[in-house]
């Protein structure tokens, strides 16, 4: 028995050494934050349980390991591990890696149900502080190429106040990272009306799109044509829709980070 445990420990140590070796070198890093659709609530089918090629996930030991779903597993602010499923980071990274010669590093630190108020610097939940701490550790391995943000379901009834918070979040993050030109890509929330009020998500998504004209290097990904996980009372995207959404994030990043 003692020999078995010794063998097991050695095997795990060797596996970690290989993972560290594979993940050595400079990364193009992407920070993926927001609430449940970014954390991932879509069904994990066998097709999305592969190990992504040339894509690595920042783990709880502060190094990059080969990326496998669920990608929000190492979030320091997440809900239970059983709730972490498929989000847009998967197909985003897959598509970007197909177009890049660099290793892709994902820092996924989302929290289901979170309001944008909880993402404000200094808020009691400290989501901002946790996110900033993780990305600073990850930046020892490479350069931050973009922030992917998907959040708003908790705040969609108040688009004008949300606008103030999101502008402040972008400004604060760029300042704290000393990256004034950091690309920030936000995703529209679902377009079907699960909100319980007449206008649904239309005013929120309209506000979000308007920020492209007022915040430099702020881009918005469309949710047009995407479908719900369960039914139209559910704000979460299904598996196929999350794949499409992630690819749309990739298209924005590839377009607006060309040459950066």
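What follows draws every value from the coordinates through simple rules; no lab data is involved. Remember, it's a predicted structure, so these values are computed and weren't measured experimentally. We place every Cβ from the backbone using ideal geometry, glycine too, and count neighbours over all the protein chains shown.
Against the main long axis of the alpha-carbon atoms of the chain, helix 127-138 sits at an angle near 40°. Once C-alpha pairs closer than 8 Å and six or more residues apart are averaged by separation and normalised to the residue number of the stretch 25-256, the relative contact order reads 25 percent. Overall form of the stretch 20-152: oblate. Here a/c, set by the Cα gyration tensor axes a ≥ b ≥ c, is 1.5 or more, and a/b is not larger than b/c.
Remark: spin-label model distance residue 214-residue 123 equals 1.9 nm, labels positioned 7 Å along the Cα→Cβ axis.
Label the stretch 140-260 by shape, choosing from rounded, prolate and oblate, from the square roots a ≥ b ≥ c of the eigenvalues of the Cα gyration tensor; if a/c is under 1.5 it is rounded, and otherwise prolate applies when a/b is larger than b/c, oblate when it is not. It comes out oblate by the Cα gyration axes. Between the Cα long axis of helix 89-98 and the first principal axis of the chain there is an angle of about 70°, rounded to the nearest 10.
Helix 159-176 axis versus longest C-alpha principal axis of the chain: approximately 40°, rounded to the nearest ten. Highest-first packing order for the peptide set 117-127, 86-96 is 86-96, 117-127, based on the mean count of other beta carbon atoms within 10 Å.
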